[in-house]
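Each remark here refers to the structure printed beneath this line.
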Amino acid sequence: MADGLIKSDPKVLMGKPVIAGTRIPVELILEKLAAGETVEQIMQAYPRLTEEGIRAAVAFAAKAIRADVIYPVQEVAE
C-alpha cells in the first residue's frame with residue numbers, strides 16, 4: 001500500500017478515511033467496486049482519483065477488517 005494516501009481528519013467528512021488531497025471517502029470507493037464499477041469507471045467519475053489511490057483504499061479496508069474484531073453477519077430476508 002502506498003503509505004500516506006489514506007488520511008483521516010476530524011475536519012474533513014467527520015474524520016472518515018479519505019484519499020489524501022481529496023474528499024473522496026474510502027467507503028465510496030469500496031461501494032462502487034462492490035457494485036461492479038471498474039477502476040477506470042471510478043477514475044473517470046472522479047478525475048482527481050488515481051489507480052494508486054483506489055488500491056490504497058482497498059488495502060486500508062483489508063487492514064482494518066483484519067483486526068481481531070468479530071463482525072456479526074445478519075441474514076437478509078429474500
>> What is the sum of charges, Lys and Arg at +1 and Asp and Glu at -1, for the other residues whose Cβ falls under 15 Å from the Cβ of VAL12?
In response: +3
>> Give the residue list of trypsin sites (Lys or Arg not before Pro) in region 10-48 that are DSSP loop and have at most 14 other beta-carbon atoms within 10 angstrom.
In response: LYS11, ARG23, ARG48
> What does the charge dipole of region 1-71 about its Cα centre add up to, to the nearest 20 debye, if the Cβ of each Lys and Arg holds +1 and the Cβ of each Asp and Glu holds -1?
Replying inline: 220
> Taking the Cβ of GLN41 as the center, what net charge do the other residues with Cβ under 14 Å away carry, scoring Lys and Arg +1 and Asp and Glu -1?
Replying inline: -3
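Values quoted throughout were computed directly from the atomic coordinates according to the rules given, and no laboratory measurement underlies them. This is a predicted model, so every value here is computed, not measured. Cβ atoms come from the backbone with ideal geometry, glycine included; neighbour counts cover every protein chain shown.
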